[in-house]
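Have a look at the structure below, then the notes.
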Amino acid sequence: MSSVLVIDDDDRIRASLVMALEDEGHDPRGAATAEEGLTSQRRTPADVVLMDLMLPGLDGFDAIRELRRADDVPIVVVSARSDTHDIVAALEAGADDYLVKPVQIKELSARLRALRRRGRGLSPGGPEIASGDLSIRPLAGEVLRAGQAIPLTRTEFRLLCELAEHQGLVLSRQQLLHRVWDYEHGDERLVDVHIGRLRQKIEPDPSSPSLLVTVRGLGYRLQR
């Protein structure tokens, strides 16, 4: 069972999601505003947060950024906004996944289970992997650059560990979706945006990556 915080200002949608998630065996609770949801998460942390974007007061984008300041909880955006710009903006703000309303509860539940299966213990077995001045310590759940800890979300950490396990080899976007997100099929933008976020954190010059490189037409590779 996973605890799920549903942040949505539409009372009908929020109640429907809560009831459907209960039927799927989850432990959900709702919040009508971002402010209420952030307070709820600070007091009683949920395993996963479902976030609408069009909220009164603090919107979903800012709420995601606020959560990310101190919490690496998996965040799934559930929104009627399907424009590519909105999807990418939400992922860049720190969301782990994005579903467009109306959602199929079976698909949502499957993604929640996949999120729960991801964890810092599901990483390569080696004690430490180096790439330039970057040190990846899978067993400790740590990433260091020149000895300084780099804070990563769970998904960013899992993505980096997957690339590190295959250091020097190219992994396609679909391979990464399967191995990191546990999806047989999915939106490749999830991979691209998370690669961009990782580069902002681990690269000496994110505009000219030297550690996490793109292999045109194939995918991504972590350099040895």
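The values are calculated or read from the model by the stated rules, or taken from the named source; none is laboratory data. Because the structure is a prediction, the values reported are computed rather than measured. Glycine gets a Cβ as well: all are built from the backbone with ideal geometry, and neighbour counts include every protein chain shown. In case anyone asks, the SASA skips ligands and DNA or RNA and just uses the protein heavy atoms, side chains included. Shrake-Rupley method; radii C 1.70, N 1.55, O 1.52, S 1.80 Å.
Looking at L177, L171, L222, can you tell me which residue is touching a Gly at 6+ places or on another chain (Cβ under 9 Å), farther than 30 Å from E107 by Cβ and modelled with pLDDT of 90 or more? Talk me through it step by step, then tell me what you get.
On the way: L177 fails: farther than 30 Å from E107 by Cβ; L171 fails: farther than 30 Å from E107 by Cβ.
Matching residue, one of L177, L171, L222: L222.
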Quiz prompt | Candidate set from the range 154-169 (those that are open to solvent by less than 10 Å² (accessible area, probe 1.4 Å) and of a type outside the set (G, A, S)); member that is farthest from A130 (Cα to Cα) | solution = T155
Practice problem: Would you check which residues across the range 170-222 are in contact with a Pro (Cβ under 9 Å, 6 or more places away or on another chain) and open to solvent by 40 Å² or more (accessible area, probe 1.4 Å) and list them? | Solution: Q200, K201, S210
Quiz prompt | Unmet requirement for L115, which otherwise passes all of (1) farther than 20 Å from I202 by Cβ; (2) modelled with pLDDT of 85 or more; (3) assigned to a helix (DSSP H, G or I); (4) under 12 Å from the mean Cα position of the chain (by Cα) | solution = (2)
Practice problem: Evaluate the range 25-44: report whether one residue or more is touching a Pro at 6+ places or on another chain (Cβ under 8 Å), under 18 Å from D97 (Cα atoms) and in contact (Cβ under 8 Å) with a residue 12 or more places away in the chain. | Solution: no
